[in-house]
Amino acid sequence: MNGPIFVGQVIEREGWAAEISFVGHANTIEVAVSCQHKEVFRSSRQAFNPRLFFADGDAPSRATASCMVALGADDFSISVWRNTAHKPVVVLDHVFNGALYDLCW
């Protein structure tokens, strides 16, 4: 929570900074899932592996990359966000009736 507002914060692995917040649910956010690659990194350590999106005409780079995240909350809604946008891509209200334990793409 950020005051009286429920938020989902994106926390950087290096330094633990939280500059991006997804704001808008009316109750506790229970589940967060990213749109991930089907293939796994070929390294010994497991890491977060999001599917990266680039705008048409942009050269693929860290500065132009974005990813998608879905959040599920106790307000019976699911929101889908792009980390570079200030508003959700879509909000689905009253999608389920009970507790939400997991989401997948």
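The values are calculated or read from the model by the stated rules, or taken from the named source; none is laboratory data. As the structure is a prediction and not an experimental result, all values here were calculated from the model. Cβ atoms come from the backbone with ideal geometry, glycine included; neighbour counts cover every protein chain shown.
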Conditions (1) surrounded by 11 or more Cβ atoms within 10 Å (Cβ to Cβ); (2) at pLDDT below 80: number failed by residue 79: (2)
For the stretch 63-73, indicate whether the set of residues that are at pLDDT 85 or above and touching a Cys at 6+ places or on another chain (Cβ under 7 Å) is non-empty. yes
Residue under evaluation residue 1, criteria (1) farther than 24 Å from residue 94 by Cβ; (2) modelled with pLDDT under 75, criterion not met: (1)
